[in-house]
Structure formats: C-alpha cells, structure tokens
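One structure is given here, and the rest of the page talks about it.
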Amino acid sequence: MATIGDIFRKTFEGYKVDPSDKVWQHIEKHLDTPPASGFQNLIKSKTAIIAASLVFVTAIVFTLVQLTSENQPTNSIQGNLTKQTKSNDLSKTTQTSLTPQPNSNNNSNKNIISTQTLTLATNPIPNCQPIAPTQNLLQNNLAINNTSTQNTSALQQFNPIQNTTIPALTNTETQYTPKTNPVFTISKNDTLCKGESLVIKATGGQSYQWNTGEISDSIKVNPLNSVLYSVTVSTSGIDTVLNTFITVKSCYSLFVPTAFTPDNDGKNDYFHPVKQDNIGIEKYEMKIVARNGKIVYSTNSFEDMGWDGKFDGNAAPENFYLWYVKYTDSDFFTHELRGQVYLYRH
Amino acid sequence: MISEAELIAGCIKGDRASQRQLYTQLAPKMLGVCRRYFEDSQEAEDALQEGFIKVFENLNKYRKEGSFEGWVRRIMVNTSLNYHRANLKNHFHSDIEDVENEIVHDANITGSFTVDVLLKIIDNMPTGYKFVFNLFEMEGFSHKEIAGMMNISENTSKSQLVKAKKFLRKKINEFGINEL
C-alpha cells in the first residue's frame, strides 16, 4: 500500500537526465564574464534594489539630520551658519543624485527644509534667553522634536522608494556603468500552434518590463491569438523597447487519404477528408481536379459523402487526381490544403 | 577524493575545474528535478542553465544549514517556477471551495511504475496541479511555503493538491489497466 506521493517519490528517486553539452558551454561562457553579469543579477532582484536605494537614501538623510541636530547646542550664530551651509551643500548633493526620483526628491526636500526651520528657530533662543534651565528645557524639547522628525523622515523615505524602485536604481547604477555599449536582444518572431506555450527572453538589460506586466528577463507565454509582446529593457538609465511578434495558428488539421477505391464494397468508396480531434468546421470547400484540368467534383459542405469517383455520371478512370481543401475551424483559423489522391480500380 | 566543502571553496575562488566538477556531479540529478516542471526538455535545460549560473554566483551565500544538494535543488525549483510565473496566475482563480469537505482515499495503490509513465502523466497535468503536487510531494514544501512561492492562498494550495491527487489516481488507474 502506498500513497500517490510515495509512488512518485520512489519512482523519481535518483532520477537523472544528462544535460546536453551546450548547457555547460553556456554556463562557462557566463562564468568568464563574472563581474558585470554578477551585478546584473543582483540588480535584477527587486529586493536588492529596494534595499540598496533604501540604505543609500536613509544614510544621507540620517547624516543630514545628525548634522542639523549637532547645530542646536552650539551657542554662536556663526557656527550655526557655517554648519547650515554645510547641510545646504549636502542637500544640494542629495537633490542632484536623486533627480530621477520625483517623489522621494520632493520628500527629502521637505525633510531638509523642516529640519532647517527647526534649527533656525533654535538659533535666537540661546542668545535671547540667558536663563539656563529654560534653555535646557527648550533644547530638550527641540531635541525630542528633532528625533521625531528623524523617525518620520525615515518612514516617509521608505514609501516613495518602494513605489519607484526602478528610477531609484540610477543612483547606484552609475557606478557600475558597463564598459561597452549595451546590446539588447529579444527572442525572434515565432509561430506557435494554438495551445502551445513559448518562452520569450530578452537580454542585455538590468531590468525588464513586459507588456504582460512581468519584470523577469524571460516570460512564458501561451497566446490564444497572434500577439505582439514588447519589453522595455533598461540599463544605466537607457530604456529600449523591443518587440517580438508571435503568430498563433491552429495545428488541428484534417487527415486526407491518399487513395480510395470506389467499388461499392463499403470500404473507402468515397474520397473525403477525415476529422482529427474534436475540431469544428465552420466553412468548408473542396475541389477535385483531373489531370486534364477539369473539375470532377466540388462541394461546400463537409457533411457531403465526398467524391464517389464519378464524373458526369461515368466512372472516372484510375489515376491521380489533384485536390484542394479550404476550411475554417471553430477557432476561426482558416486552413488551405492541397495534394493528390489515387483513384484505384481493380 | 575531494570533499564537498573543498569543492565549494574552489568554486567560490573561481577555479574552473572545481566548477566543472560540481556541475558534473549535480547537473543530471537537477535536470531530473527541472524536467518535472517542463514538458519541453529544452526548456528544462534552460532552467538548469540559469539555475547553475545562480548557484555559482551565490555560492558564497550558502550557509551550510541543511545539505548542499538541497540548497541547489531549491534554486532549481525556484528558477523553474520563475519561468512559469507569467502563466501561473491564470491557473488558480476557480478554486475557492472548501477543501476540508473533500475526502481522498490516498493510501491503497499497489504496483510499480516506470519514470517514463509517471513523467508522461505529470506532463499532462494541468499546470496548477503539477506545481503544487511537485512542490508538496516531491520537494517537500509546506502549503504555507507553496502559498508564498506561488502567490496563492494556503487553501488554494491544499485544494490543488487534492485535485492533483485525484487526477493522478485516475491516470494511474488507466495506465495500470492498459499495462495489464
């Protein structure tokens, strides 16, 4: 007695399939160029992008906030001013490096401004109010306020970055600009039978956005109709759109016999194509032409018995005859078939 | 005979001979794993190739918790899943019914089967069944893990497994009779 799982596990235990040689060749080729590809792979993963950009931005914001909070205890206005210019400088650098991120850019601006207004507000206090305890109290309050802004700013930073993962990439990406011009490729146009699936692969990018919504470098598709797949491949801030057209055809086909024997023995007396599978036929026409070019039989109905081997009421001679069939199946695919059939008399 | 740890260390250093040896040792078995997720053996090879590249690139992240082969296997399974992710989400939407009410008599199959026969059955399984069955029964993931990996609910995972087993049972019986 065994469960289905047991049977499958037991049967597949130690199941091995030898891969073809080209698998290792491709892997080896890939291993020969490790740094660029390794980084591409890293970049490919969404989490890595989020993590990297998050660390990057929070680090800047944190240093900023730290710098500005350092301002508060200093008593001289001059000291404050120099430090503020410093932080202004810093804010400029953040702005430039964050330009591709409209959302987080706004946000970090907001944060910088708010912390600055806070520091500015502290400036007059030490000078105008010489009473030590109050000053301390105020400074404490401010310190608390400041830490709270720091917290919220960290939170505010988090959300927009999550939403704009791909633009955030450009911050880190520039450091790893590929040496050569990027080459993007996509699988060639292809033709599929309806019901089959196909993997379409794009290469050369650090991120991919398909019109199907996928973001991996390859997608498996199973189209019901002919369709254009497109992918926006991005690397180092360059976006390229690549297209591949997949033609879907129905691979259902009719079986057409190659010979028939119109001798009324009940076997193969009529020449008629035979359905395969459960194919539905919406439109149908068949013509049979003799070698001399005369049409010996034609019909527009698949339900007809087919050709009985007679022409104008007389038995047509033993010979090859050419046939032509055109039909539209229930999936609305039109098929045209041609061939020859041997009329056999004995 | 070089130990696994030495082999891994060699691969991390980028020693081609070690990489080659690791590949040779594991590839046939891993292609056997990938093959269960693809009807097309060419696609299975593509997944194997991509999986091994990931293995070599992430070897330094292998933490030696659990077997190395298990770690590689998991990468292969995830890579195979990735290939199907585009299509997977279309395979589950009609499975909201309650699983608890379904009773499956699971434990009375006798006889032995060849890999070829079972593979043919797996190939003909609806994709949703195939993945959940493979992940749960063959790879040993929990429904919770499968739900996370495939972005479906735990209940969907359970119901797919029940259906998968029904399907397999029927097919196995058919094959059993045919073979007699």
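In this structure, does A:K267 turn out to be surrounded by 14 or more Cβ atoms within 10 Å (Cβ to Cβ) and of a type in the set (K, R)?
Answer is no for this residue.
Residues in region A:204-256 that are modelled with pLDDT under 80 and not in a loop (DSSP other than H, G, I, E, B) were compared, and the one that is surrounded by the most Cβ atoms within 10 Å (Cβ to Cβ) is A:V248.
State whether the residues of region A:176-188 include one that is modelled with pLDDT under 80, within 14 Å of another protein chain (Cβ to nearest Cβ), over 26 Å from A:W307 (Cβ atoms) and not in a strand (DSSP E or B). No.
Each residue in region B:44-60 was checked for being more than 7 Å from chain A (Cβ to nearest Cβ) and of a type in the set (A, V, I, L, M), and 4 pass. Only one entry of B:N82, B:N155, B:N90 meets the criterion of being within 22 Å of A:L198 (Cα to Cα), more than 15 Å from the chain's Cα centre (by Cα), at pLDDT below 90 and not hydroxyl-bearing (S, T, Y), and that entry is B:N90. Selection of region B:124-150 for residues being within 12 Å of B:R36 (Cβ to Cβ) and acidic (D, E) yields B:E137, B:E139. Applying the set (1) more than 19 Å from A:K22 (Cα to Cα); (2) more than 11 Å from chain A (Cβ to nearest Cβ); (3) out of contact with any Lys or Arg (no Cβ under 8 Å at 6 or more places or on another chain) to B:I75 leaves exactly one unmet item: (3).
Might you let me know whether region A:261-283 holds any residue that is touching a His at 6+ places or on another chain (Cβ under 9 Å), among the polar types (S, T, N, Q) and not in a strand (DSSP E or B)?
Yes, that holds for at least one residue.
Figure legend. Inter-residue proximity from region A:1-14: first residues farther than 12 Å from B:R169 by Cβ, second residues assigned to a helix (DSSP H, G or I) and among the hydrophobic types (A, V, I, L, M, F, W, C), beta-carbon distance below 8 Å, spacing 6+ or different chains. Indicated pairs: A:R9/B:M138; A:T11/B:V115; A:T11/B:L118; A:F12/B:V115; A:F12/B:L118; A:F12/B:M138. Quick check on B:A27: is it within 18 Å of A:K22 (Cα to Cα) and more than 9 Å from chain A (Cβ to nearest Cβ)? Here the answer is no, as B:A27 does not meet what is asked.
The values are calculated or read from the model by the stated rules, or taken from the named source; none is laboratory data. As the structure is a prediction and not an experimental result, all values here were calculated from the model. Please note: Cβ atoms are built from the backbone with ideal geometry, for glycine as well, and neighbour counts cover all protein chains shown.
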